[in-house]
């Protein structure tokens with residue numbers, strides 16, 4: 001059986017979840033993606049996230065394993081260091097109660113971060129819609145943004161500027177078959193959305209370490225949260241948590 005190495009947001013772990021740059025992404029302006037947020041733990045970049053209201057950031061559960069006082073959020077900036085944006089302190093973090101880590105099929109890998117003070121909206125800082133039960137089927141054109149690794153392995157560097165990547169969804173049946181010979185066999189449930197890269201005719205495209213928590217977007221609506229992939233990044237589908245499965249929980253924690 002092929003060894004499974006997940007890309008998580010915690011550096012230095014064997015199981016690491018989508019935490020460094022989009023593979024084959026393109027430079028992006030924060031003005032085009034004003035909902036993007038960077039998440040830092042003890043001042044070190046760890047994950048992406050999406051602004052969903054004046055005090056809430058949507059991200060992955062595995063991105064908030066630290067105490068809220070150790071986490072800060074950058075909004076309105078396209079640079080990895082966040083210095084061209086605003087740095088916000090965090091008052092609370094809400095991890096989905098069904099999340100049990102990387103050894104349980106990675107279910108409910110979704111979380112909400114609440115900022116200490118309201119987020120000031122500008123042309124560079126805007127929330128994105130959660131929508132309702134937004135249907136996402138196979139062959140849907142979707143967008144992911146992030147600051148993850150620029151290559152497929154740990155020797156690569158984080159993207160210094162925001163990246164964007166156009167992707168296409170695939171059916172869960174196809175996604176499950178592609179993971180049939182990995183330890184992720186059986187993990188592709190209805191809660192998951194799988195994507196493959198299509199930008200610039202690049203087949204080896206997708207999320208990588210550092211991209212965790214970033215939003216999967218269709219028509220200015222966030223439909224998924226970047227959760228995991230298998231190394232080398234871009235060789236297997238990128239896997240996202242479907243937000244429509246958790247809308248009530250998200251809204252209860254805004």
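The values are calculated or read from the model by the stated rules, or taken from the named source; none is laboratory data. Every value quoted in this text rests on a predicted model; they were computed, and no experiment measured them. Here the Cβ is made from the backbone with ideal geometry for all residues, glycine too, and neighbour counts use every protein chain on show.
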- request: May I ask you to list the residues in region 206-233 that are in a loop (DSSP other than H, G, I, E, B) and touching a strand residue (DSSP E or B) at 6+ places or on another chain (Cβ under 7 Å)?
  value: 207, 208, 209, 210, 211, 212, 213, 214, 220, 229, 233
- request: Might you let me know whether region 170-189 holds any residue that is surrounded by fewer than 16 Cβ atoms within 10 Å (Cβ to Cβ), touching a residue at least 24 places away in the same chain (Cβ under 8 Å), in contact with a strand residue (DSSP E or B) (Cβ under 8 Å, 6 or more places away or on another chain) and within 28 Å of residue 38 (Cβ to Cβ)?
  value: no
- line: Considering residues that are surrounded by 19 or more Cβ atoms within 10 Å (Cβ to Cβ) and either part of a helix (DSSP H, G or I) or modelled with pLDDT under 95 (or both), the number found within region 125-135 is 1
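Check 76, 82, 38, 48 and return the single one that is touching a strand residue (DSSP E or B) at 6+ places or on another chain (Cβ under 6 Å), modelled with pLDDT of 95 or more and at positive phi.
76
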